[in-house]
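The values are calculated or read from the model by the stated rules, or taken from the named source; none is laboratory data. Every value quoted in this text rests on a predicted model; they were computed, and no experiment measured them. Heads up, the Cβs are rebuilt from the backbone with ideal geometry, glycines too, and the neighbour counts pull from every protein chain shown. For the accessible areas, the whole protein counts, side chains as well, though only heavy atoms, and no ligand, DNA or RNA atoms are used. Shrake-Rupley method; radii C 1.70, N 1.55, O 1.52, S 1.80 Å.
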Amino acid sequence: MYAQMVDTGVASLRAVEELSPEEQAFQERIDADIKIEPRDWMTEGYRKTLIRQISQHAHSEIVGQLPEGNWVTRAPTLKRKTILLAKIQDEAGHGLYLYSAAETLGVSRDQMTLDLLSGKAKYSSIFNYPTLSWADIGMIGWLVDGAAIINQIPLCRCSYGPYARAMVRICKEEAFHARQGFDVVMALCRGTPEQKQMAQEALNRWWWPALMMFGPPDTESVNSAQSARWKIKLFSNDELRQRMVDQTVPQAEFLGLSIPDPDLRWNEERGQYDFGAIDWSEFYSVLKGNGPCNRDRIQTRRKAWDDGAWFRDGLNAHAEKQTAKSKAA
Ligand code: FAQ
């Protein structure tokens, strides 16, 4: 798989002999599956790549609360509302573990937030789509958390200790999230024809954006080759996307829903599904800020940041006072 990523030729990797002795020793530790810990020597590129990926991941968890938050007051029953609230709180927790993991690399949480608000740091494209009906909440659980698990299970084995350990707990919670999503969709599919129709329309809206979550095709993925060498990425974007299709199509069949892809068919020879072309122009347009909800999402985060200024100031003043007290003692 690693060789396959390198073969794409998108990013040129330096030959091993071009690495400095320190870099070679670092790479040898990674090759031997020894975890890198915060106080270990690491290359600047490794540190920067991890800060980029982990902070983007953390931002995704936090921004990812917004489309679901839109339905808390309109969940159809008390039970569904309680489950949804618990799930949204879990996402906040995931964001916090991940910000903490990124902080071990020497970046502050404030800086990460400012990078999100300035547009320097990204968050997952998927959270720029609106939740128009209750069925969209089911789709987020079934498809978005489903995709997140496929992408994140390998991250539990990635080379950076704090990230890998954070992912173990996150994945356990994501598994519950995916099940609750499937349960919402199943209830709709077993309900009235109108409810089933609502689920089908939501699937039509979320299917392609969910496949885009795995990132650009391997031939266009600028970071994959180096991230694979550093064992930050253990599988390529396309490999994980294929896994998502193969896992989800039988689930859709069980639900009696049709995947909105006329080119989808089982390939007996490959033992995998063939699927249609993804509209990558839509993906890149969402990344540039032109998705249906990009402006709203950043505006909401900016407001939360501004509204919380008095609280951060209070905490800092308290911390300074405590430090002065302990120095005086
Ligand atoms: N959205 O060279 P690659 C969740 C960017 S958590 C936006 O292939 P890489 C939980 C990429 O950053 C979901 N940008 O990049 C939940 C790069 O730009 P840059 C988040 C994307 O890093 C559920 C450029 O494109 N999960 O759902 C996306 O090697 C429900 C080139 O791409 C993670 O973050 C995208 N989809 O691979 C919460 C998992 N894809 O940064 C609430 C960890 C690519 O150079 C409700 N992250 N880009 O300017 C990863 O595994 C990787 O970062 C990838 C991208 C696979 C996302």
Search result, residues across region 28-55 that are open to solvent by 70 Å² or more (accessible area, probe 1.4 Å), in a loop (DSSP other than H, G, I, E, B) and of a type in the set (Asp, Glu): 33
Looking only at residues in region 239-296 that are within 19 Å of residue 213 (Cα to Cα) and hydroxyl-bearing (Ser, Thr, Tyr), which one is farthest from the chain's Cα centre (by Cα)? 273
Look at region 117-150 and say how many of its residues are under 11 Å from the mean Cα position of the chain (by Cα) and in a loop (DSSP other than H, G, I, E, B). 3
Anything in region 107-162 that is touching a strand residue (DSSP E or B) at 6+ places or on another chain (Cβ under 8 Å) and surrounded by fewer than 21 Cβ atoms within 10 Å (Cβ to Cβ)? List them, or say none. 161
Filter region 175-187 for residues that are within 15 Å of the chain's Cα centre (by Cα) and free of Cβ contacts under 8 Å to residues at least 60 places away in the same chain; which is surrounded by the most Cβ atoms within 10 Å (Cβ to Cβ)? 178
Suppose we filter region 240-296 for residues that are within 16 Å of residue 144 (Cβ to Cβ), within 14 Å of the ligand (Cβ to nearest atom), open to solvent by less than 20 Å² (accessible area, probe 1.4 Å) and not hydrophobic (A, V, I, L, M, F, W, C); how many remain? 2
Is region 61-70 home to any residue that is modelled with pLDDT of 95 or more, more than 30 Å from residue 130 (Cβ to Cβ) and either within 16 Å of the ligand (Cβ to nearest atom) or part of a helix (DSSP H, G or I) (or both)? no
The one condition in (1) in contact (Cβ under 8 Å) with a residue 12 or more places away in the chain; (2) over 26 Å from residue 223 (Cα atoms) that residue 246 fails to fulfil: (2)
